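Notes follow once the structure below has been shown.
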Amino acid sequence: MHENKIKIMAISGSLRKSSTNTALLHATENLAPSHLDFKFYEGLGTLPHFNPELDGEDSILLNR
C-alpha cells in the first residue's frame, strides 16, 4: 500500500550551528508521526537580506 506523506519544509531563523531553534526543528522531526516527511532548508545564509525600505516605488528590484 502506497502511503501519502505530508511534506514539511523546516526553516530555522537562526544561522548558528548550536541554535536552539534548529535543535527544536530536529526534535520535532524525531517525534513526528511517520507520515510526515521533513526537509530542512540549509540555504538561509545565502538569501538576500530583507529590507522593507527597498520594497516600494524606489526599489532597485522594481526599477530593473
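Observations
- Solvent-accessible surface (1.4 angstrom probe) belonging to His35, in square angstrom, nearest 10: 70 Å²
- Cβ-defined net charge surrounding Asp37, 9 Å radius [Lys, Arg +1; Asp, Glu -1]: +3
- Calculated from backbone phi, Karplus (6.51, -1.76, 1.60) coupling profile of the range 23-38 in Hz, x at Gly/Pro: 4, 5, 4, 5, 5, 4, 4, 5, 8, 6, x, 5, 7, 9, 10, 8
- Built amide H within the under 5 Å cut-off of Ala10, gap 5+: Lys39, Phe40, Tyr41
The values are calculated or read from the model by the stated rules, or taken from the named source; none is laboratory data. If you're wondering where the values come from, they're calculated on a predicted model, not measured in any experiment. Neighbour counts are summed over all protein chains in view; Cβ atoms, including those assigned to glycine, are modelled from backbone coordinates with ideal geometry. For accessibility, only protein heavy atoms count, side chains too; no ligands or nucleic acids. Shrake-Rupley method; radii C 1.70, N 1.55, O 1.52, S 1.80 Å.
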